[in-house]
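Comments concern the structure below.
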Amino acid sequence: MLFRRMVLWALLCMAPALNFAEEPAAQPESDPRPAAEVVAGLPARSQAAPASAVPVSLFRFNTADSRERIAKRSAFCPVFMGMAERDGHVREILALRLLVEDPAICLASPRLLRSVLASTRPEASRLPEEMAALKDWIETRANAPEFSNRYLSYAGEGGSFDPDFLVYTSPHPFVAHLYGEIVLEIREQTPRGVDLNELNRAVYDYYRKLTLAQRLNPKAALIRALLDRDEYVIPSHLPASDIAAADVYARLPVELAKGNVRLTGRLQRHYQRRTDGRHTWVDLLDRAGLLMARFSRDPSAPAPTGSRSTATLPPEVARDAAVFCRIQ
(Lines give C-alpha, C1' and ligand atoms only; values in the text may rest on other atoms or scores of the structure.)
Protein backbone atom coordinates (compact mmCIF):
# COMPACT_ATOMS: atom_id res chain seq x y z
CA MET A 1 0.00 0.00 0.00
CA LEU A 2 2.74 2.47 0.95
CA PHE A 3 4.71 1.63 -2.20
CA ARG A 4 1.63 2.21 -4.37
CA ARG A 5 1.03 5.60 -2.77
CA MET A 6 4.69 6.59 -3.26
CA VAL A 7 4.51 5.64 -6.94
CA LEU A 8 1.28 7.59 -7.37
CA TRP A 9 2.78 10.64 -5.67
CA ALA A 10 5.80 10.51 -7.93
CA LEU A 11 3.70 10.16 -11.09
CA LEU A 12 1.40 13.04 -10.15
CA CYS A 13 4.37 15.27 -9.39
CA MET A 14 6.11 14.31 -12.64
CA ALA A 15 3.04 14.60 -14.88
CA PRO A 16 3.20 18.37 -15.61
CA ALA A 17 6.85 18.13 -16.63
CA LEU A 18 6.17 15.09 -18.82
CA ASN A 19 3.31 16.73 -20.73
CA PHE A 20 4.15 15.62 -24.28
CA ALA A 21 1.30 17.53 -25.90
CA GLU A 22 -1.35 19.95 -24.73
CA GLU A 23 -4.90 18.62 -24.58
CA PRO A 24 -7.98 20.73 -25.27
CA ALA A 25 -8.89 22.67 -22.14
CA ALA A 26 -12.35 21.10 -22.01
CA GLN A 27 -11.18 17.51 -21.49
CA PRO A 28 -12.80 16.16 -18.30
CA GLU A 29 -9.46 14.87 -17.05
CA SER A 30 -8.10 18.40 -16.63
CA ASP A 31 -9.17 18.62 -12.97
CA PRO A 32 -10.44 16.26 -10.27
CA ARG A 33 -14.19 16.25 -9.79
CA PRO A 34 -15.81 18.88 -7.53
CA ALA A 35 -16.40 17.49 -4.06
CA ALA A 36 -19.78 16.76 -2.54
CA GLU A 37 -20.40 18.08 0.97
CA VAL A 38 -22.66 17.36 3.93
CA VAL A 39 -25.37 19.99 4.32
CA ALA A 40 -27.96 20.42 7.08
CA GLY A 41 -31.53 21.69 7.13
CA LEU A 42 -33.93 18.87 6.22
CA PRO A 43 -37.24 18.72 8.09
CA ALA A 44 -37.63 16.18 10.87
CA ARG A 45 -38.59 12.68 9.76
CA SER A 46 -41.89 12.93 11.65
CA GLN A 47 -43.09 15.58 9.20
CA ALA A 48 -44.93 14.40 6.09
CA ALA A 49 -42.48 14.08 3.20
CA PRO A 50 -43.65 15.83 0.01
CA ALA A 51 -43.44 14.03 -3.32
CA SER A 52 -40.45 16.21 -4.19
CA ALA A 53 -38.55 14.56 -1.32
CA VAL A 54 -38.19 11.35 -3.35
CA PRO A 55 -34.65 11.69 -4.77
CA VAL A 56 -34.27 12.23 -8.51
CA SER A 57 -32.91 9.29 -10.51
CA LEU A 58 -30.81 9.04 -13.68
CA PHE A 59 -30.71 5.24 -13.61
CA ARG A 60 -32.42 4.95 -17.03
CA PHE A 61 -29.41 6.55 -18.72
CA ASN A 62 -27.22 3.52 -18.01
CA THR A 63 -26.46 1.02 -20.75
CA ALA A 64 -28.56 -2.16 -20.65
CA ASP A 65 -25.61 -4.13 -19.30
CA SER A 66 -24.97 -1.59 -16.53
CA ARG A 67 -28.65 -1.46 -15.57
CA GLU A 68 -28.74 -5.23 -15.17
CA ARG A 69 -25.55 -5.41 -13.09
CA ILE A 70 -26.52 -2.47 -10.87
CA ALA A 71 -30.06 -3.77 -10.34
CA LYS A 72 -28.65 -7.15 -9.26
CA ARG A 73 -26.25 -5.32 -6.93
CA SER A 74 -23.34 -7.09 -8.61
CA ALA A 75 -21.78 -3.72 -9.51
CA PHE A 76 -21.47 -0.37 -7.71
CA CYS A 77 -22.65 -1.75 -4.39
CA PRO A 78 -20.99 -0.45 -2.40
CA VAL A 79 -19.34 2.67 -3.78
CA PHE A 80 -16.98 5.02 -1.95
CA MET A 81 -16.38 8.77 -1.72
CA GLY A 82 -13.60 10.69 0.00
CA MET A 83 -13.99 13.95 1.95
CA ALA A 84 -11.01 16.11 2.85
CA GLU A 85 -10.65 16.82 6.58
CA ARG A 86 -9.03 20.23 6.56
CA ASP A 87 -9.46 21.34 10.16
CA GLY A 88 -10.09 19.39 13.36
CA HIS A 89 -12.68 16.64 13.08
CA VAL A 90 -15.46 18.55 11.30
CA ARG A 91 -16.10 16.06 8.51
CA GLU A 92 -15.63 13.06 10.76
CA ILE A 93 -18.47 14.41 12.91
CA LEU A 94 -20.62 15.05 9.83
CA ALA A 95 -19.95 11.48 8.68
CA LEU A 96 -21.11 10.23 12.08
CA ARG A 97 -24.29 12.31 11.80
CA LEU A 98 -24.97 10.66 8.44
CA LEU A 99 -24.38 7.20 9.91
CA VAL A 100 -26.74 7.68 12.87
CA GLU A 101 -29.26 8.84 10.24
CA ASP A 102 -29.67 12.36 11.52
CA PRO A 103 -32.82 13.32 9.56
CA ALA A 104 -31.69 16.91 9.18
CA ILE A 105 -28.68 16.34 6.88
CA CYS A 106 -27.72 14.81 3.55
CA LEU A 107 -24.67 14.49 1.30
CA ALA A 108 -25.17 17.25 -1.26
CA SER A 109 -23.82 17.80 -4.75
CA PRO A 110 -21.85 21.05 -5.26
CA ARG A 111 -24.79 22.69 -7.08
CA LEU A 112 -27.21 21.90 -4.25
CA LEU A 113 -24.71 23.11 -1.66
CA ARG A 114 -24.22 26.43 -3.48
CA SER A 115 -27.95 26.99 -3.85
CA VAL A 116 -28.55 26.31 -0.15
CA LEU A 117 -25.78 28.71 0.89
CA ALA A 118 -27.08 31.43 -1.47
CA SER A 119 -30.75 30.92 -0.60
CA THR A 120 -32.79 33.66 1.08
CA ARG A 121 -35.60 31.24 1.99
CA PRO A 122 -36.48 30.73 5.68
CA GLU A 123 -33.85 28.50 7.29
CA ALA A 124 -36.33 25.75 8.22
CA SER A 125 -37.39 25.24 4.59
CA ARG A 126 -34.16 26.17 2.82
CA LEU A 127 -32.69 22.74 2.12
CA PRO A 128 -35.91 20.86 1.20
CA GLU A 129 -37.03 23.66 -1.11
CA GLU A 130 -33.66 23.96 -2.82
CA MET A 131 -33.58 20.16 -3.11
CA ALA A 132 -36.99 20.22 -4.79
CA ALA A 133 -35.87 23.01 -7.12
CA LEU A 134 -32.77 21.07 -8.17
CA LYS A 135 -34.89 17.95 -8.71
CA ASP A 136 -37.15 19.93 -11.06
CA TRP A 137 -34.09 21.37 -12.82
CA ILE A 138 -32.59 17.92 -13.39
CA GLU A 139 -35.86 16.24 -14.42
CA THR A 140 -36.73 19.03 -16.88
CA ARG A 141 -33.37 18.68 -18.60
CA ALA A 142 -33.36 14.87 -18.37
CA ASN A 143 -36.53 14.78 -20.47
CA ALA A 144 -34.78 16.60 -23.31
CA PRO A 145 -33.15 14.36 -25.95
CA GLU A 146 -29.78 16.11 -25.66
CA PHE A 147 -29.45 15.61 -21.88
CA SER A 148 -27.11 12.62 -21.91
CA ASN A 149 -24.90 14.12 -24.61
CA ARG A 150 -24.72 17.44 -22.76
CA TYR A 151 -24.31 16.29 -19.17
CA LEU A 152 -23.13 12.66 -19.14
CA SER A 153 -20.82 12.52 -22.16
CA TYR A 154 -17.22 13.37 -21.32
CA ALA A 155 -17.01 15.38 -24.53
CA GLY A 156 -20.13 17.30 -23.53
CA GLU A 157 -21.79 20.07 -25.48
CA GLY A 158 -19.16 21.95 -27.40
CA GLY A 159 -16.43 20.01 -25.60
CA SER A 160 -17.40 21.14 -22.09
CA PHE A 161 -18.36 19.01 -19.13
CA ASP A 162 -20.74 20.05 -16.38
CA PRO A 163 -20.62 17.73 -13.38
CA ASP A 164 -21.71 20.02 -10.55
CA PHE A 165 -25.16 18.52 -9.88
CA LEU A 166 -23.67 15.03 -9.49
CA VAL A 167 -22.09 13.25 -6.52
CA TYR A 168 -19.04 11.36 -7.81
CA THR A 169 -18.19 7.96 -6.35
CA SER A 170 -16.18 4.86 -7.25
CA PRO A 171 -16.41 1.18 -6.30
CA HIS A 172 -12.68 1.32 -5.49
CA PRO A 173 -11.78 2.54 -1.97
CA PHE A 174 -8.27 3.54 -3.07
CA VAL A 175 -9.80 6.08 -5.48
CA ALA A 176 -11.78 7.65 -2.63
CA HIS A 177 -8.60 7.83 -0.51
CA LEU A 178 -7.14 10.25 -3.07
CA TYR A 179 -9.93 12.75 -2.44
CA GLY A 180 -9.79 12.86 1.35
CA GLU A 181 -9.11 11.29 4.73
CA ILE A 182 -12.78 10.53 5.48
CA VAL A 183 -13.93 7.72 3.17
CA LEU A 184 -17.68 7.07 3.07
CA GLU A 185 -19.07 3.67 2.12
CA ILE A 186 -22.31 4.19 0.20
CA ARG A 187 -25.02 1.60 -0.35
CA GLU A 188 -27.98 3.11 -2.20
CA GLN A 189 -31.38 1.98 -0.96
CA THR A 190 -32.62 2.42 -4.53
CA PRO A 191 -30.03 2.71 -7.33
CA ARG A 192 -30.23 6.16 -8.93
CA GLY A 193 -26.79 6.61 -10.46
CA VAL A 194 -25.02 6.18 -13.78
CA ASP A 195 -21.99 4.07 -14.68
CA LEU A 196 -20.23 6.94 -16.42
CA ASN A 197 -17.18 5.11 -17.75
CA GLU A 198 -19.28 2.39 -19.40
CA LEU A 199 -21.72 4.91 -20.87
CA ASN A 200 -18.88 6.85 -22.46
CA ARG A 201 -17.22 3.69 -23.70
CA ALA A 202 -20.26 1.90 -25.13
CA VAL A 203 -22.45 4.80 -26.28
CA TYR A 204 -20.10 7.68 -27.02
CA ASP A 205 -17.00 5.68 -27.97
CA TYR A 206 -15.08 8.31 -26.02
CA TYR A 207 -11.90 6.36 -25.25
CA ARG A 208 -11.41 5.10 -28.80
CA LYS A 209 -11.74 8.66 -30.13
CA LEU A 210 -8.95 10.04 -27.97
CA THR A 211 -6.18 11.54 -30.07
CA LEU A 212 -2.63 10.25 -29.85
CA ALA A 213 -1.63 13.38 -27.93
CA GLN A 214 -4.40 12.77 -25.42
CA ARG A 215 -3.41 9.12 -25.00
CA LEU A 216 0.25 10.04 -24.45
CA ASN A 217 -0.42 12.82 -21.97
CA PRO A 218 0.72 11.13 -18.72
CA LYS A 219 -1.27 13.37 -16.38
CA ALA A 220 -4.53 12.76 -18.24
CA ALA A 221 -3.79 9.04 -18.58
CA LEU A 222 -3.10 8.78 -14.85
CA ILE A 223 -6.33 10.58 -13.98
CA ARG A 224 -8.32 8.33 -16.31
CA ALA A 225 -6.73 5.22 -14.81
CA LEU A 226 -6.96 6.25 -11.13
CA LEU A 227 -8.89 9.40 -10.14
CA ASP A 228 -11.78 8.81 -12.55
CA ARG A 229 -11.72 5.02 -12.54
CA ASP A 230 -15.17 3.39 -12.71
CA GLU A 231 -17.01 6.61 -11.97
CA TYR A 232 -20.54 6.16 -10.66
CA VAL A 233 -22.44 9.43 -10.44
CA ILE A 234 -25.55 10.05 -8.35
CA PRO A 235 -27.74 13.11 -9.01
CA SER A 236 -28.48 15.88 -6.51
CA HIS A 237 -27.70 14.30 -3.14
CA LEU A 238 -27.57 11.18 -1.00
CA PRO A 239 -29.83 10.78 2.04
CA ALA A 240 -28.21 9.72 5.29
CA SER A 241 -29.78 6.26 4.98
CA ASP A 242 -27.52 5.52 1.97
CA ILE A 243 -24.33 5.90 4.03
CA ALA A 244 -23.28 2.55 5.54
CA ALA A 245 -19.81 3.12 7.01
CA ALA A 246 -16.91 5.56 7.20
CA ASP A 247 -13.14 5.18 7.55
CA VAL A 248 -10.94 7.84 9.07
CA TYR A 249 -7.34 7.92 7.81
CA ALA A 250 -4.39 9.87 9.15
CA ARG A 251 -3.71 13.21 7.52
CA LEU A 252 -0.42 13.67 5.71
CA PRO A 253 1.07 17.10 4.83
CA VAL A 254 0.85 16.26 1.13
CA GLU A 255 -1.60 17.86 -1.28
CA LEU A 256 -1.47 17.74 -5.08
CA ALA A 257 -3.50 19.25 -7.94
CA LYS A 258 -4.19 22.46 -6.01
CA GLY A 259 -5.22 20.53 -2.92
CA ASN A 260 -7.79 18.37 -4.72
CA VAL A 261 -5.69 15.21 -4.50
CA ARG A 262 -4.46 14.06 -1.10
CA LEU A 263 -2.28 11.21 0.10
CA THR A 264 -3.59 9.65 3.31
CA GLY A 265 -1.82 7.80 6.09
CA ARG A 266 -2.87 4.62 7.89
CA LEU A 267 -6.39 3.82 9.03
CA GLN A 268 -7.22 5.44 12.38
CA ARG A 269 -10.86 4.56 13.05
CA HIS A 270 -13.76 2.76 11.36
CA TYR A 271 -17.42 3.68 11.85
CA GLN A 272 -19.93 0.93 10.97
CA ARG A 273 -23.73 1.15 11.04
CA ARG A 274 -25.31 -1.99 12.51
CA THR A 275 -28.84 -3.25 13.19
CA ASP A 276 -30.53 -6.18 14.91
CA GLY A 277 -33.76 -5.67 12.98
CA ARG A 278 -35.35 -3.51 15.66
CA HIS A 279 -32.63 -1.06 16.61
CA THR A 280 -29.89 0.71 14.66
CA TRP A 281 -26.59 1.96 16.01
CA VAL A 282 -23.05 2.85 14.89
CA ASP A 283 -19.98 1.10 16.27
CA LEU A 284 -16.62 2.87 16.22
CA LEU A 285 -13.73 0.42 15.91
CA ASP A 286 -9.98 0.93 16.20
CA ARG A 287 -7.41 -0.43 13.71
CA ALA A 288 -7.51 -3.84 15.42
CA GLY A 289 -11.30 -4.05 15.15
CA LEU A 290 -11.92 -3.48 18.87
CA LEU A 291 -14.86 -1.33 19.94
CA MET A 292 -14.03 2.24 20.94
CA ALA A 293 -17.59 3.56 21.31
CA ARG A 294 -21.19 2.96 20.29
CA PHE A 295 -23.43 5.76 19.03
CA SER A 296 -27.20 5.73 18.60
CA ARG A 297 -30.18 8.06 18.38
CA ASP A 298 -32.27 5.14 19.64
CA PRO A 299 -32.28 5.11 23.48
CA SER A 300 -33.21 1.40 23.51
CA ALA A 301 -30.29 0.27 21.33
CA PRO A 302 -28.40 -2.60 23.01
CA ALA A 303 -25.35 -1.89 25.13
CA PRO A 304 -22.02 -3.14 23.77
CA THR A 305 -20.46 -6.31 25.14
CA GLY A 306 -17.04 -7.96 24.83
CA SER A 307 -13.54 -6.51 24.71
CA ARG A 308 -13.10 -2.76 24.41
CA SER A 309 -10.29 -0.81 22.80
CA THR A 310 -7.88 1.20 24.89
CA ALA A 311 -7.85 3.91 22.20
CA THR A 312 -9.68 7.07 23.18
CA LEU A 313 -12.33 8.96 21.26
CA PRO A 314 -11.09 12.38 20.04
CA PRO A 315 -12.46 14.97 22.52
CA GLU A 316 -13.99 17.09 19.74
CA VAL A 317 -15.90 14.06 18.41
CA ALA A 318 -17.08 13.05 21.89
CA ARG A 319 -18.24 16.58 22.70
CA ASP A 320 -20.18 17.20 19.46
CA ALA A 321 -21.60 13.65 19.16
CA ALA A 322 -23.17 13.96 22.62
CA VAL A 323 -25.41 16.71 21.23
CA PHE A 324 -27.16 14.55 18.62
CA CYS A 325 -26.83 10.96 19.87
CA ARG A 326 -26.13 8.69 22.85
CA ILE A 327 -22.56 7.43 23.38
CA GLN A 328 -21.88 4.10 25.09
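Condition (residue is over 27 Å from Arg86 (Cβ atoms), modelled with pLDDT of 85 or more and in contact with a strand residue (DSSP E or B) (Cβ under 9 Å, 6 or more places away or on another chain)) applied to the stretch 197-210: is it met by at least one residue? Among the residues of the stretch 197-210, at least one is over 27 Å from Arg86 (Cβ atoms), modelled with pLDDT of 85 or more and in contact with a strand residue (DSSP E or B) (Cβ under 9 Å, 6 or more places away or on another chain), which makes the answer yes.
Within the option set Arg215, Arg269, Arg201, being surrounded by fewer than 16 Cβ atoms within 10 Å (Cβ to Cβ) and under 24 Å from Cys77 (Cα atoms) holds for one residue only, Arg201.
Apart from one condition, Tyr154 fits all of (1) at pLDDT below 90; (2) over 21 Å from Ile70 (Cβ atoms); the exception is (2).
For Arg251, the conditions (1) in the same structural domain as Ile182 (by TED's automatic domain parsing); (2) modelled with pLDDT of 80 or more; (3) not aliphatic (A, V, I, L, M) all hold with the exception of (1). Close Cβ contacts (under 6 Å, 6 or more residues apart or on different chains) running from residues in the stretch 104-118 that are among the β-branched types (Val, Ile, Thr) to residues that are assigned to a helix (DSSP H, G or I) and at pLDDT 90 or above comprise Ile105/Arg97; Val116/Glu130. If we scan the stretch 167-176, do we find a residue that is in a loop (DSSP other than H, G, I, E, B), under 22 Å from the mean Cα position of the chain (by Cα) and under 29 Å from Arg262 (Cβ atoms)? Checking the stretch 167-176: at least one residue is in a loop (DSSP other than H, G, I, E, B), under 22 Å from the mean Cα position of the chain (by Cα) and under 29 Å from Arg262 (Cβ atoms).
Listed by position, the strands (runs of 3 or more DSSP E) enclosed by the stretch 236-328 that each have at least 2 residues that are of a type outside the set (A, V, I, L, M) and in contact with an Asp or Glu (Cβ under 6 Å, 6 or more places away or on another chain) are 243-256, 261-275. Looking only at residues in the stretch 292-311 that are hydrophobic (A, V, I, L, M, F, W, C) and closer than 18 Å to Ala95 by Cα, the one that is surrounded by the most Cβ atoms within 10 Å (Cβ to Cβ) is Phe295. Within the stretch 74-87, the residues that satisfy the criterion of being under 21 Å from Asn200 (Cα atoms), under 19 Å from the mean Cα position of the chain (by Cα) and assigned to a loop (DSSP other than H, G, I, E, B) are Ala75, Phe76, Cys77. Taken over the stretch 126-150, the criterion of being among the polar types (S, T, N, Q) and part of a helix (DSSP H, G or I) is satisfied by Thr140, Ser148, Asn149. Is the stretch 109-125 home to any residue that is crowded, with 23+ Cβ neighbours inside 10 Å, outside any helix (DSSP H, G or I) and either among the acidic types (Asp, Glu) or at pLDDT 90 or above (or both)? Yes - at least one qualifying residue is present in the stretch 109-125. What do you reckon, is Pro314 under 14 Å from Ile93 (Cα atoms) and either among the basic types (Lys, Arg) or modelled with pLDDT under 95 (or both)? The answer is yes for Pro314. Condition check: of a type in the set (Gly, Ala, Ser), over 22 Å from Gln268 (Cα atoms) and touching a strand residue (DSSP E or B) at 6+ places or on another chain (Cβ under 6 Å). Does Ala301 satisfy that? Judged against the criteria, Ala301 is a match.
Of the residues Glu123, Glu146, the single one that is under 27 Å from Asp230 (Cβ atoms) and more than 21 Å from the chain's Cα centre (by Cα) is Glu146.
The values are calculated or read from the model by the stated rules, or taken from the named source; none is laboratory data. Keep in mind the model is a prediction, meaning the values are calculated, not measured. Heads up, the Cβs are rebuilt from the backbone with ideal geometry, glycines too, and the neighbour counts pull from every protein chain shown.
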